[in-house]
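Read through the structure below, which is laid out as structure tokens, and then see the notes.
The values are calculated or read from the model by the stated rules, or taken from the named source; none is laboratory data. Every value quoted in this text rests on a predicted model; they were computed, and no experiment measured them. Cβ placement follows ideal geometry from the backbone for every residue including glycine, while neighbour counts extend to all protein chains displayed.
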Amino acid sequence: SPTREFVTGLPKAELHLHLEGTLEPDLKLELARRNGIELAQSTVEEVQASYVFDSLASFLAVYYPAMDVLVTEQDFYDLATAYVRRAAADGVTHVEMFFDPQAHTSRGVPFADVVNGYHRAAVDGAALGVDAHLILCFLRDFSAESAAETLEASVPFADKILGVGLDSDERENPPSKFGAVFARARELGYRLTMHCDIDQVGSIENIRQVLEDIGVDRIDHGTNVVEDPALVEVVRERGLGLTCCPVSNSFVTDDMKATEIAQLLRAGVKVTVNSDDPAYFGGYVAENYVALVEKAGLTSEEVVTLAKNSFEASWVSDADRARFL
Ligand code: HPA
Ligand code: ZN
């Protein structure tokens, strides 16, 4: 069966990665020191011990407060650079990275500092062998008005942003709440994706909405589309990527969803494997491939298909990608 070395040696794209979810304990402590922020923890072990959760809601309750240490443009640069370096070590040559501007602008951090810091790191990724891009995510538990304001704030930076996504707490925040915002985002030339998480009540209805009402270019997670064979056929036939995150699944539910992911892969759906929030879930992308291989018994050929899918589901042209393959 395919080894970790085999997985690492394959060029891969990562398409479901939250930059704020790459905040490792040592960097969190360093940024707190740099910015004079008092933390409840003072050692890496103590920060690690605070990263505890068993559901999406309890994860988010740890995740957002941790971001308080991100203040200056340099902080955002340092965070993204650390991730790109780590991804390169796993054989990632292309990455489309989510960021949550509202988690920072709501604390008084200027939008420009967030985007410029992250974008500078994306540009410098080329020197590390990584073609890096940004996807702006709206927080779905904030209002549609707040998302619309954030979208307009992004316009002067549109050349630094590939697309828009939707994350955070899905309960009572269905895709339809953001229909107008996403229609406007498409008009502005952005690609569209949305999280349809696996442990959320009504999630299959949300998958229906992203396919039929929003018209997304990709779905983040979306694994439980398996519940509805007709929707699986829509996803397969449109060649839409699903950005699955096995290790994350095992934290926010009690199951990696390996059976479902393998079933979709074998049905010809453009399944991809990603790390989501690796600093919190303890596995970067190669770890996610290995975990899935072991749990679902994937062959080397299937692993190659996953890596190939990751490029096919990405949003950058073949010409751009060719420079990194
Ligand atoms: N789901 C919802 N919100 C998130 C996630 C996720 O997987 N990761 C970071 N914010
Ligand atoms: Zn996610």
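Quick grid of which residues meet (1) within 16 Å of ligand 2 (Cβ to nearest atom); (2) surrounded by fewer than 17 Cβ atoms within 10 Å (Cβ to Cβ); (3) of a type outside the set (K, R); (4) assigned to a helix (DSSP H, G or I):
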| position | (1), (2), (3), (4) |
| --- | --- |
| A82 | no, no, yes, yes |
| R86 | no, no, no, yes |
| F98 | yes, no, yes, no |
| A132 | no, no, yes, no |
| C137 | yes, no, yes, no |
| V164 | yes, no, yes, no |
| E170 | yes, no, yes, no |
**Request:** Would you check which residues across the range 1-27 are within 16 Å of ligand 1 (Cβ to nearest atom) and of a type outside the set (G, A, S) and list them?
**Result:** E14, L15, H16, L17, H18, L19, E20, T22, L23, E24
**Item:** One residue from T223, T243 being under 25 Å from R184 (Cβ atoms) and either touching an Asp or Glu at 6+ places or on another chain (Cβ under 8 Å) or of a type in the set (F, W, Y) (or both)
**Value:** T243
**Test: residue in the range 222-229 that is β-branched (V, I, T), surrounded by fewer than 18 Cβ atoms within 10 Å (Cβ to Cβ) and within 25 Å of V316 (Cα to Cα)** = no
**Message:** I'd like to verify a number: residues in the range 121-130 that are touching a strand residue (DSSP E or B) at 6+ places or on another chain (Cβ under 9 Å) and either within 16 Å of ligand 2 (Cβ to nearest atom) or in contact (Cβ under 8 Å) with a residue 12 or more places away in the chain (or both), how many?
**Reply:** 6
**Fill in**
Restricting the range 233-250 to residues that are away from ligand 1 (no atom under 14 Å from the Cβ) and either buried (at least 20 other Cβ atoms within 10 Å of the Cβ) or of a type in the set (S, T, Y) (or both), the one nearest to S58 (Cα to Cα) turns out to be G241
**Complete:** Residue set I219, I214, I198, I161; condition modelled with pLDDT under 95 and among the hydrophobic types (A, V, I, L, M, F, W, C); output residue I198
**Where a residue in the range 94-120 is among the β-branched types (V, I, T) and its partner, wherever it lies, is at pLDDT 95 or above and within 15 Å of ligand 1 (Cβ to nearest atom), with Cβ under 7 Å and at least six apart** = V95/E14; V95/L17; V114/F99; V114/P101; V114/H104
**Asked** Does the range 227-239 contain at least one residue that is within 13 Å of ligand 2 (Cβ to nearest atom) and either over 30 Å from A49 (Cβ atoms) or of a type outside the set (S, T, Y) (or both)?
**Response** no
**Item:** Residues of the range 5-47 satisfying the condition of being outside any helix (DSSP H, G or I) and out of contact with any strand residue (DSSP E or B) (no Cβ under 6 Å at 6 or more places or on another chain)
**Value:** L10, L23, E24, N35, G36, I37, E38, L39, A40, Q41, S42, T43
**Request:** Give me a count of the residues in the range 254-273 that are on the phi > 0 side of the Ramachandran plot and in contact (Cβ under 8 Å) with a residue 40 or more places away in the chain.
**Result:** 1
**Prompt:** Any idea which residue in the range 187-232 is nearest to ligand 1 (Cβ to nearest atom), counting only those that are β-branched (V, I, T) and outside any helix (DSSP H, G or I)?
**Reply:** I198
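Being of a type outside the set (F, W, Y), within 15 Å of ligand 2 (Cβ to nearest atom) and modelled with pLDDT under 95 is the requirement here; does L56 meet it?
Yes.
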**Prompt:** Quick check: is even one residue across the range 174-191 among the hydrophobic types (A, V, I, L, M, F, W, C), crowded, with 21+ Cβ neighbours inside 10 Å and closer than 27 Å to A87 by Cα?
**Reply:** no
